[in-house]
Structures are given as C-alpha cells and as structure tokens.
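To start, the structure itself, in structure tokens.
The values are calculated or read from the model by the stated rules, or taken from the named source; none is laboratory data. Remember, it's a predicted structure, so these values are computed and weren't measured experimentally. Note that we place each Cβ from the backbone using ideal geometry, even for glycine, and neighbour counts take in every protein chain shown. When the accessible area is computed, the model is the full protein with side chains, heavy atoms only, and any ligands, DNA or RNA have been set aside. Shrake-Rupley method; radii C 1.70, N 1.55, O 1.52, S 1.80 Å.
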Amino acid sequence: MPSHSDSRTVPPWLYKLFTGHQYPYVRRLAKFAKPVVPGEDRGEPTKDEIDVKFREVFPRSRVKILQEVKEGMIVTFHELGQYEPGGYQELIDTPEEFLARTYGKKKIKVNFYDGENFVCTINFKVAGWSGHEGH
C-alpha cells in the first residue's frame, strides 16, 4: 500500500480517491510525464506511473473543509476550515470521527488541492446527519 513522505500508511479510500477515474488530476499528471514520441499519442499511464505521481502530489496537498447548506432551492458551501499539507493525518485515518468531533452533525465536503489545482473531493454525512432541516 502506498505511503506518503513520513511513512504513515495511506488509507485505501484516499488512494482510490486520488488515483481513480472519477478525479483525473493525478492520472493526467502521470500521462503527461510520459515522453512524447513525435506522431504518436501519449499512452495511458501504468499503475506504477500513477503511483509515482500520487506519492508526489499527496504529501503536498492541502485540504479545505466545507459545509453543505441548502438555502431555498440552492445548495451552497460554507468554508469551515483548511489544513496545510501534512496537517490532517487524523482526518484521513478516521474521517467521520474527526469531522464529527471537530465540526459536529453536518453534511461536509472535503476538497483536496495541489497548490491552487483541485485534485478531488469526497462528501461525508457526519454524526447521523439526515437533512437540511434546522439550519
């Protein structure tokens, strides 16, 4: 299983989020790192090439925590917090417990960024969140 720079294990859900087909940022970096052969398209990256890019991107990624709030017929997101690279190990180890303890019963979106580039997002219904009523 992949590890980041301080040798803590990266949970499978996070590795899949960063490297899967739903969010192509890491896969695209791996593809464009391949050498260019004149007159040919770049091939799709291998699992190993994707893993190399993951190990570059993840340790430098920051996190933004947002709360989903329904205002009338519109869903908006209010920023709750940000974490710098390397500053959110507890979030990735036990996301639901960390979010519940830190932010309470909410629908939360966790966005990952490489610098200013969006990498991926995941949503959590925290602490038994069941609807927008009562906000």
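The relative contact order of the chain, computed from alpha carbon pairs under 8 Å that lie at least 6 residues apart in sequence, is 22 percent.
Just to confirm a number: summing +1 for Lys and Arg and -1 for Asp and Glu over residues other than Thr121 whose beta-carbon lies under 10 angstrom from that of Thr121, what do you get?
On the way: positive: Lys64, Lys109; negative: none.
Neighbour charge sum, excluding Thr121 itself: +2.
With all pairs of different C-alpha atoms in the average, the Kirkwood value for the hydrodynamic radius of the chain is 16.4 Å. Peptides 97-104, 71-78 ordered by packing proxy, namely the average of other Cβ atoms within 10 Å per residue, highest first: 97-104, 71-78. Distance between the modelled labels on Glu97 and Arg28, one decimal in nanometres: 3.6 nm (7 Å Cα→Cβ projection).
Surface composition of the chain: carbon and sulfur atoms hold 51% of the protein heavy-atom accessible area at a 1.4 Å probe.
What is the gain in length, in nm to one decimal, between Arg42 and Arg55 on full extension, counting 0.36 nm per residue of separation less the C-alpha to C-alpha distance?
Details: separation 13, 0.36 × 13 = 4.68 nm, distance 2.14 nm.
That pair, Arg42 and Arg55, stretches by 2.5 nm at full extension.
Helix 47-57 axis versus longest C-alpha principal axis of the chain: approximately 60°, rounded to the nearest ten.
Placing unit charges on C-beta atoms (Lys and Arg positive, Asp and Glu negative, everything else neutral), compute the dipole magnitude of the chain about its Cα centre in debye, rounded to 20.
160
Ligands, DNA and RNA are left out, and with a 1.4 angstrom probe the accessible area of the chain is 59 Å² per residue.
Using 0.36 nm times the number of residues separating Val69 and Lys125, minus their current alpha carbon distance, what extension gain do you get? Let's see the in-between values first.
Values: separation 56, 0.36 × 56 = 20.16 nm, distance 1.23 nm.
Length difference between fully extended and current span is 18.9 nm.
Phi angles across the stretch 40-45 convert, under the Karplus curve 6.51 cos²θ - 1.76 cosθ + 1.60 with θ = phi - 60°, into 3J(HN,Hα) values of 10, 6, 5, x, 5, x Hz, Gly and Pro given as x. When each of the peptides 43-49, 116-122 is scored by how many other beta carbons lie within 10 Å of its residues on average, the order from highest to lowest is 116-122, 43-49.
Kindly identify the stretch 37-97 as rounded, prolate or oblate by the Cα gyration tensor criterion: order the square roots of the eigenvalues as a ≥ b ≥ c, call it rounded if a/c is under 1.5, otherwise compare a/b with b/c, prolate if a/b is larger, else oblate.
The shape class here is oblate.
Projecting the Cα atoms of Phe98, Tyr113, Val36 onto the charge dipole of the chain (Cβ charges, centred on the Cα centre) puts Phe98 farthest toward the positive pole. Taking the alpha-carbon distance from Lys109 and a cut-off under 20 Å, which aspartates and glutamates remain once sequence neighbours fewer than 8 residues away in the same chain are dropped? Result set, ordered by chain and number: Glu68, Glu71, Glu79, Glu84, Glu90, Asp93, Glu96, Glu97, Glu133.
Sorted by mean Cβ packing within 10 Å, highest first, what order do the peptides 81-88, 62-69 take? Intermediate results must be reported in sequence, preceding the final value.
Values: 81-88: 14.1, 62-69: 18.1.
Ranking the peptides 81-88, 62-69 by packing returns 62-69, 81-88.
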